[in-house]
Amino acid sequence: MASEDKTINVANRASEVAQDRFWFLESMDQLSRAMQDTEDLEQLSHVLEAVLSIFGCDRAWLAYPSDADSRRWRTVAQRACSEVADTSSLDLDLPMDPEIAEVFRLVEASEVAVRFGAGGNPLSSVLAKRFGARSQMCLAVHPKIGRPYTFGLDQCESPRIWTRQEQELFEAAGKRLATLLTSLLLSRDLQESKARLEEAQRVAHLGYWDWNIETNVAVWSDETYRIFGVERGERSMDFEAVRALVHPEDREALYSTVDVELETGVHPVADFRIVTPGGEVRTVHAITSKLWSALPGDPGKGKSGKTNRLFGTVQDITELKRAEDARAYPVTRLAGKQSLAGGSPTRIPPRLLGMGSRFESRYLVGGNIQNLWVGAAGRLDGYSGSARNVPPRRSRRCISDSRGRYSIWEARRL
């Protein structure tokens, strides 16, 4: 008879172990599914909802930081049953009083979950009063970045003695939560860094681009799209599409210089004009590098041994150029117009037409500087003013008046 009882007890024990194991695996699977649906720190309550269901407790929560020396702490996420739900303290910075500091100190010092209340350490009267807790189980959670958190369960309706199986499951859940927090914190830091980078680019009017020479595909930053006046996804940004946006008068010189400099190993630096799809002419400053690589260990060279990937920056310096011109040549505005001596108006080259229908020009006629006005048809309407000693400039162009006399001019928008 005693032998039969022993056999039954062994069988019952084996059944209990199997049930406990099944409950553990099923609970961890439920927790994993909740974590898979959590994409940011704001959604941590989804995980705590699963924890609340698994343990059948009254509240599951996460506090930060788990640091007894901190002056303040706060509950960053929680889930509670309707009878004890209280969100008034969620994300509210609370003072670190001595009792709370002692809770955090005990939790930090322990490698396993710490019980408070029935069957454990004395329960903090502050937590009992604020949250109505009568039993607690807490665990320090250490993500790989940042400070630790405290993961906790509360029983409020009546005291509860947490079982060994519940403690083991709670500790396993804490390890999974630490991994999730690491991922979410890294993602948050990456998004914040990206946002700071985009804001810095926007303020400085500075964008970047990455061109794969073998596939002929260019990747642009948001600010680069804004500089060129192109909507993201509007068109395929290959070599020809980018080249077409460069001002026709700057295109040949720009690309021939870039090719030569890349072959000699020099990082090309150039100022040139672009024409947006809306017709606006802008001046940009560009730097190109062939030494950039997207992947560690990738030399950025194809099978032929030639560079197959380029990276560079582009900055809108239109306003800077205008300011420099304004300082170099003060604007002289005179009332009225005068006819050009000698006959009909002079044709203005297409280069000037993108600067607007009216602009100031340094115009040399018989040694005098003249201020010109251009009409809508691109013809010279008049001029005024005079001065001697025209300063030498590199960017000179020649036009002729109605008598065939050639004159040197330079122009900028008024």
TODO: Confirm whether Glu199 is in contact (Cβ under 8 Å) with a residue 60 or more places away in the chain and acidic (Asp, Glu).
DONE: no
- [ ] Go through segment 42-91 and give me each residue that's out of contact with any Lys or Arg (no Cβ under 8 Å at 6 or more places or on another chain), in a helix (DSSP H, G or I) and buried (at least 19 other Cβ atoms within 10 Å of the Cβ).
- [x] Leu44, Val47, Ile54, Phe55
TODO: Using the structure shown, decide if Val107 is assigned by TED's automatic domain parsing to the domain that holds Leu62, surrounded by 14 or more Cβ atoms within 10 Å (Cβ to Cβ) and either hydroxyl-bearing (Ser, Thr, Tyr) or out of contact with any Lys or Arg (no Cβ under 8 Å at 6 or more places or on another chain) (or both).
DONE: yes
Open item on the list: Whether any residue in segment 134-143 is without any contact (Cβ under 8 Å) to a residue 12 or more places away in the chain and either closer than 20 Å to Met96 by Cα or surrounded by fewer than 23 Cβ atoms within 10 Å (Cβ to Cβ) (or both) is what I want to check.
Closed with: no
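The values are calculated or read from the model by the stated rules, or taken from the named source; none is laboratory data. Computed from a prediction, not measured in an experiment: that's the story for all the values here. Here the Cβ is made from the backbone with ideal geometry for all residues, glycine too, and neighbour counts use every protein chain on show.
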